[in-house]
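Heads up, the thing below is written out as structure tokens.
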Amino acid sequence: MTSSDPRLDAVPGPVPDSVPDCFAELLPTTRRALLHRVATAQAEGRAPSLVGAVMRDGRMVWSGARGGVDGHAPDANTQYRIGSITKPFTAVAVMRLRDEGLLDLADPLEKHLPGTGVGEVTIAQLLSHTAGLAAETPGAWWERSSAALRPGLPDVLGDRPQPHPAGRRHHYSNPGYTLLGAVVEALRGAPWADVVRREICVPLGMDRTGARPQAPHAGGWAVHPWADVLLPEPAEDLGLMASAGQLWSTAADLCRFAAFLAEGDDRVLGAETVREMRAPAAPPETGDWDGGYGLGIQLARRDGRTLAGHSGSLPGFLAGLWVSVADGVAAVVLANVTSGVLPGQVAADLLRIVADAEPAVPQPWRPLPEADPGLLELAGPWYWGTSVSALRLMADGGVQFGPLAGGGRRSRFRAERDGSWTGLDGYYAGETLRVVRRDGEVSHLDLGSFVFTRRPYDPGAAVPGGVDEDGWRGSR
């Protein structure tokens, strides 16, 4: 495969180390460290070219590249194939259907795509790779062979499409995302690529992302394992497998997508749905307790941080994208080489460099615009038996509730119209917190049947099992 720009297909050479002034918001030492990491990855991974970019607080603040020929390198607007980073796009398209009420994650596939032979698996299981489907298609290596060999879903699934029981384990499946792409097409009445473009890329301003390459784009290469020589990789159209790995994109566009994965965007998916996608939905593989999978989103623990994103590969290309929501930082790495670079690790390193060197500056504390006396009455300590927890009011009308000190069951709660709150995270995610009143006065809090009182075992509250009428006592 060759690119639209012959300079990007040439043997790698040195490129300028300067960083454009428009990305000068990072400190010079940080920019130097980022460039060093990108340069090291390209040199040690022997990649014809490699681009890295960093997103902070919703926008790209740095990009750097190595490769090409003297005086030239790709930049943040050069397209690369992103392989399985396509899967989060497919997952977003499916979640949009869910939010519109056109499907439920618990729906069996058969409801929307009859006749596949695996119709009992659910939409959620397909999204989280827990449907038990095979990792790859039968027959020829699908990434490197013509899509004409797989004209229908039976050709993608084969005679033994489900080697594992559904719902029992995480088993990564490319055919599973082919089925999800087919569901999108069936419910939207339009090709998968058109849906992704119209519903995701256009609203997010990702003008350089699509199913077909557009100039300038990099060519895909294999590098000989024992010699510094190159072999062009074919650029096959993936056909039915497109929803598992077809997309081309740029570092700049993927920074926009990373910002969306961190905060959501009501034009595509709201923040609550994106949080749902980032939540673990599948058990990790045996022995791999630093990673997991949500709904179309890979999860990892790196350098003490929780990261969400995805990796991708196709012959001739490698890609990685990680977001640290807590830091407000994301990183993207794209390379045009079949193997040798670890884009996920490089992206995690770029993210760490920025987050450690330039930690986010907290927003200034500000008082609430107004104080609701009824809510203010609830703030402070509450007792579950003898354990003390604290309820704190939040600026958005919700509350935070958890142990006064140490670890334990700590959660944030969203305010509901009926005066209750719904748990957003932690042990109490999805659980209801209610204020129970007697004769107009607050008696206790009810949280998933647990009674929290203003005093330890308050005799005036409805403590299950009652409270000894003699009350607290000494040793005699």
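Can you give the helix-only mean residue ellipticity at 222 nm for the chain, where every DSSP H stretch with n ≥ 4 adds -39500 (n - 2.57) and the sum goes over all residues, rounded to the nearest 500 deg cm²/dmol? Before the final figure, lay out the partial values.
Values: 12 runs with 110 residues, N = 476.
Value at 222 nm, helices only, nearest 500: -6500 deg cm²/dmol.
When the C-alpha atoms of the range 344-459 are aligned to their principal axes, what extent does each axis show, in angstrom, from largest down?
That gives 60, 32, 24 Å along the principal axes, largest extent first.
With +1 on the Cβ of every Lys and Arg and -1 on the Cβ of every Asp and Glu, and nothing else charged, how large is the dipole of the range 336-381 about its Cα centre, in debye rounded to the nearest 20?
On the way: 2 positive and 6 negative charges, 45 e Å.
So the magnitude is around 220 debye.
Which net charge results for the neighbourhood of residue 204, defined as the other residues with beta-carbon distances under 14 angstrom from its beta-carbon, given Lys and Arg at +1 and Asp and Glu at -1? Intermediate results must be reported in sequence, preceding the final value.
On the way: positive: 59, 96, 197, 198, 208, 256, 267; negative: 199, 207, 253, 263, 265, 266.
My count for the surroundings of residue 204 gives +1.
Considering Cα pairs under 8 angstrom that are at least six residues apart, work out the relative contact order of the range 373-452 and quote it in whole percent. Kindly include the intermediate steps, with their values, before the conclusion.
Numbers: 152 pairs, mean separation 13.7, N = 80.
Relative contact order for the range 373-452 comes out at 17 percent.
Using only alpha-carbon positions, what ratio does the radius of gyration of the chain give when scaled by 2.2 N^0.38 Å? Please list the in-between numbers first.
Numbers: Rg = 26.0 Å, N = 476, 2.2 N^0.38 = 22.9 Å.
Cα Rg divided by the expected 2.2 N^0.38 Å: 1.13.
Arrange the following residues from fewest to most other Cβ atoms within 10 Å of their Cβ: 439, 372.
Working: 439 5, 372 11.
The most exposed by this proxy come first: 439, 372.
How many angstrom lie between the C-alpha centres of the range 259-325 and the range 121-173?
About 21 Å separates the Cα centre of the range 259-325 from the one of the range 121-173.
Looking at the range 340-425, which chymotrypsin sites (Phe, Trp or Tyr not before Pro) are DSSP coil and have at most 12 other C-beta atoms within 10 Å of their C-beta?
Counting only loop positions with at most 12 other Cβ atoms within 10 Å, the chymotrypsin sites (Phe, Trp or Tyr not before Pro) in the range 340-425 are 365.
Tell me which chymotrypsin sites (Phe, Trp or Tyr not before Pro) from the range 224-292 have a DSSP coil assignment and no more than 10 other beta carbons within 10 Å of their own. Numbers along the way, then the final one.
Working: sites: 226, 248, 257, 260, 289; in loops: 226, 289.
When the chymotrypsin sites (Phe, Trp or Tyr not before Pro) of the range 224-292 are filtered for loop state and at most 10 Cβ neighbours within 10 Å, 226, 289 remain.
Normalised by the residues of the range 272-374, what does the relative contact order come to in percent, with Cα pairs under 8 Å and at least six apart? Intermediate results must be reported in sequence, preceding the final value.
Working: 164 pairs, mean separation 15.9, N = 103.
The normalised contact order for the range 272-374 reaches 15 percent.
Helix 343-357 versus the longest principal axis of the chain: what angle, 0 to 90°, nearest 10, using Cα atoms?
Approximately 50 degrees, to the nearest ten.
Angle check, please: helix 86-99 long axis (alpha carbons) against the longest principal axis of the chain (alpha carbons), in degrees 0 to 90, nearest 10.
On a 0 to 90 degree scale, this one is about 40.
Rank the residues 185, 44, 469 as a footprinting-exposure proxy: fewest other Cβ atoms within 10 Å of their Cβ go first.
Details: 185 19, 44 11, 469 6.
So the residues, fewest neighbours to most, are 469, 44, 185.
Relative contact order of the chain, please, whole-number percent, based on alpha carbon pairs below 8 angstrom and at least 6 residues apart. It would help to have the intermediate numbers written out before the result.
On the way: 1054 pairs, mean separation 76.0, N = 476.
Once divided by the residue count of the chain, the mean separation gives 16 percent.
What FRET efficiency, computed as 1/(1 + (r/R0)^6) with R0 = 30 Å and r the Cβ-Cβ distance, is obtained for residue 468 and residue 301, rounded to the nearest 0.05?
Values: r = 46 Å, r/R0 = 1.53.
The pair residue 468/residue 301 has a calculated efficiency of 0.05.
For the range 80-357, what number results from the quotient of the Cα radius of gyration and 2.2 N^0.38 Å? Intermediate values should be presented prior to the final figure.
Numbers: Rg = 17.8 Å, N = 278, 2.2 N^0.38 = 18.7 Å.
Dividing the Cα Rg of the range 80-357 by 2.2 N^0.38 Å gives 0.95.
Subtracting the Cα-Cα distance from 0.36 nm times the residue separation, let me have the gained length for residue 207 to residue 377 in nm, one decimal. Please report the intermediate quantities before stating the final value.
Details: separation 170, 0.36 × 170 = 61.20 nm, distance 5.11 nm.
Length difference between fully extended and current span is 56.1 nm.
Could I have the simple spin-label model distance between residue 363 and residue 395, label points 7 Å from Cα toward Cβ, reported in nm to one decimal?
0.4
The numbers here are math on the coordinates, done by the rules we state, and not lab data. Bear in mind the structure is a predicted one, so any value in this text is a computation, not a measurement. Every residue, glycine among them, receives a Cβ derived from its backbone with ideal geometry; neighbour counts consider all protein chains shown.
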